[in-house]
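The values are calculated or read from the model by the stated rules, or taken from the named source; none is laboratory data. Remember, predicted model here, so these are calculated numbers, not experimental data. Positions of Cβ are generated from backbone atoms using ideal geometry, with glycine treated the same way; all protein chains shown enter the neighbour counts. The area values use the complete protein model at the heavy-atom level, side chains included, leaving out ligands, DNA and RNA. Shrake-Rupley method; radii C 1.70, N 1.55, O 1.52, S 1.80 Å.
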Amino acid sequence: MSMGSSKFFLPVFVTLFCVIYVINGIYGLNNGVGRTPPMGWNSWNRFHCRIDENLIKQTADALIKYGLDKIGYKYLNIDDCWEGERDEQGYIHASNITFPSGIKALADYAHSKGLLFGIYSDAGYLTCARRPGSLGYEDKDAMTFASWEIDYLKYDNCNNGGIPEQQRYKTMRDALNATGRHIFYSICEWGRSAPHLWAASVGNSWRTTGDIGPTWSSILNILRRQHQITKYAGPGGWNDPDMLQVGNGDLTIDEQKSHFSLWAALKSPLLLGFDIRNPPHNTLEIVKNTEIIAINQDPLGKSVNIAQSTKYFDIWTGELSDGHVALLLNKAESPITIKLNFATHLRLQGKISIRDLWEHEEKGVYVNGYSREVPKHGIIVLKLTGGTKISENYDFIVQYHDYDNGYLIDEFYDGAFGRI
Ligand code: GLA
């Protein structure tokens, strides 16, 4: 390139960069919500399309009766199947069979109890349950939702006419921004177009996989896909490995605790999915563990990541605003002992105090590591305080693939002493 042409290209490039920057600045997500992951309840996992206004009201009452609202479960969210028809002007209305009082009345009911209220729509012509979707009606629907005083929109991806995700999800973002109401915007495109790479400026959370089922294998399948993307979660924009199945299906108590702990530590939205009106006793106890909830709601907003993974166990670790957290997960079919090594798994050295967040008990002060027997499909969640970081002390990292699980594992080596 000649001097002359570089003189010409530089200003053009700078101007172009500024224009793009300004456009992004103007049209970025602008709602200020979701500084910590949202917590609440959603109708889908338990009820699918079998919903009506009485169920939603009774669930609002139950959230309060069991004190769930007081510990953070504020969002009462209706999923698919509330929709009726569009009118001649194109405005959407609730089904007059199942929601005869309309959505505004339900939102008012939730708000009168101090809850927040969420709704569902789809970035397609029809929702997944083939009700009217919002594609082509984004402005009207966003205005309608804001006039109903909605606080949360889950936006699904069925029947989308092949239009790229980013385009469709941005259109709804801009429509929501234009209403001036602060609505948590939950992008549900099932991880189709690597949303972790673009969705932080579009929505407040993004689904990372297809739908969760109430089975242990479904939970592990979803878990397996999270470690590459954990760094993209942060205040205002969260990875969403889908809503909780705690209390549904045949999950054992240990499986429910593992599911709940991992989702909390991944900084997933914590949306309960069981029938809160008749809660299974143990389930209520699990989702009311405020020490696990505190990991999810930690203001630092950093997700755990995988520190070691074998066919039989996983160790996930991460930083908190006031320490560290470590999760020891037994994926095997019988109890096993799992050893947490402070240097390898946490890059920590020195004296470390350990607290067990399920036993609610201080376990003492340790220097090198800490071992525990973990039941089949169970988990130990530890909060660690003290110690100092040794992240600068390694000479090289060896990365290898755990082909059984599809994980990429980092191992730290000191030139003189070998693996640390
Ligand atoms: C999709 C979503 C689910 C649920 C259903 C509703 O499958 O991923 O979470 O919202 O649609 O039809």
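Which residue is farthest from K267 (Cα to Cα), if the candidates are limited to the range 207-224 and must be out of contact with any Asp or Glu (no Cβ under 9 Å at 6 or more places or on another chain), away from the ligand (no atom under 12 Å from the Cβ) and without any contact (Cβ under 8 Å) to a residue 40 or more places away in the chain?
S217
A129 fails exactly one of the following numbered conditions: (1) among the hydrophobic types (A, V, I, L, M, F, W, C); (2) over 21 Å from D87 (Cα atoms); (3) surrounded by fewer than 19 Cβ atoms within 10 Å (Cβ to Cβ). What is the number of that condition?
(2)
Restricting attention to the range 243-250, does a residue exist that is more than 12 Å from the ligand (Cβ to nearest atom) and open to solvent by 20 Å² or more (accessible area, probe 1.4 Å)?
Yes: one or more hits.
Step by step: first the residues of the range 26-81, then only those that are among the β-branched types (V, I, T), away from the ligand (no atom under 14 Å from the Cβ) and more than 19 Å from the chain's Cα centre (by Cα), then the one that is nearest to Y109 (Cα to Cα). Which residue is that? Please lay out each step first, then the result.
Residues of the range 26-81 that are among the β-branched types (V, I, T), as a first pass: 26, 33, 36, 51, 56, 59, 64, 71, 78.
Those still in the list that are away from the ligand (no atom under 14 Å from the Cβ) too: 26, 33, 36, 56, 59, 64, 71.
Imposing the further condition that a residue be more than 19 Å from the chain's Cα centre (by Cα) reduces the set to 26, 56, 59, 64.
Working: I26: 35, I56: 10, T59: 11, I64: 13 Å.
Among those residues, the one meeting the criterion is I56.
Please go through (1) among the β-branched types (V, I, T); (2) surrounded by fewer than 18 Cβ atoms within 10 Å (Cβ to Cβ); (3) under 19 Å from the mean Cα position of the chain (by Cα) for V325 and return the number of the only condition it doesn't satisfy.
All conditions pass for V325, except number (2).
Take D69 and tell me if it is assigned by TED's automatic domain parsing to the domain that holds I292, in contact with a helix residue (DSSP H, G or I) (Cβ under 6 Å, 6 or more places away or on another chain) and within 16 Å of H182 (Cα to Cα). Step through it out loud before you land on a result.
Working: assigned by TED's automatic domain parsing to the domain that holds I292: yes; in contact with a helix residue (DSSP H, G or I) (Cβ under 6 Å, 6 or more places away or on another chain): yes; within 16 Å of H182 (Cα to Cα): no.
No, not satisfied.
Only one of these is at pLDDT below 95, polar (S, T, N, Q), buried (at least 17 other Cβ atoms within 10 Å of the Cβ) and in contact with a strand residue (DSSP E or B) (Cβ under 6 Å, 6 or more places away or on another chain): N330, N405. Name it.
Of N330, N405, the one residue that is at pLDDT below 95, polar (S, T, N, Q), buried (at least 17 other Cβ atoms within 10 Å of the Cβ) and in contact with a strand residue (DSSP E or B) (Cβ under 6 Å, 6 or more places away or on another chain) is N405.
Right, W190: open to solvent by 20 Å² or more (accessible area, probe 1.4 Å), within 22 Å of the chain's Cα centre (by Cα) and more than 13 Å from the ligand (Cβ to nearest atom) or not?
Spelling it out, it is not the case that W190 is open to solvent by 20 Å² or more (accessible area, probe 1.4 Å), within 22 Å of the chain's Cα centre (by Cα) and more than 13 Å from the ligand (Cβ to nearest atom).
Of the conditions (1) within 12 Å of the ligand (Cβ to nearest atom); (2) open to solvent by 10 Å² or more (accessible area, probe 1.4 Å), R181 clears all except one; give me its number.
Only one criterion in (1) within 12 Å of the ligand (Cβ to nearest atom); (2) open to solvent by 10 Å² or more (accessible area, probe 1.4 Å) is unmet by R181, namely (1).
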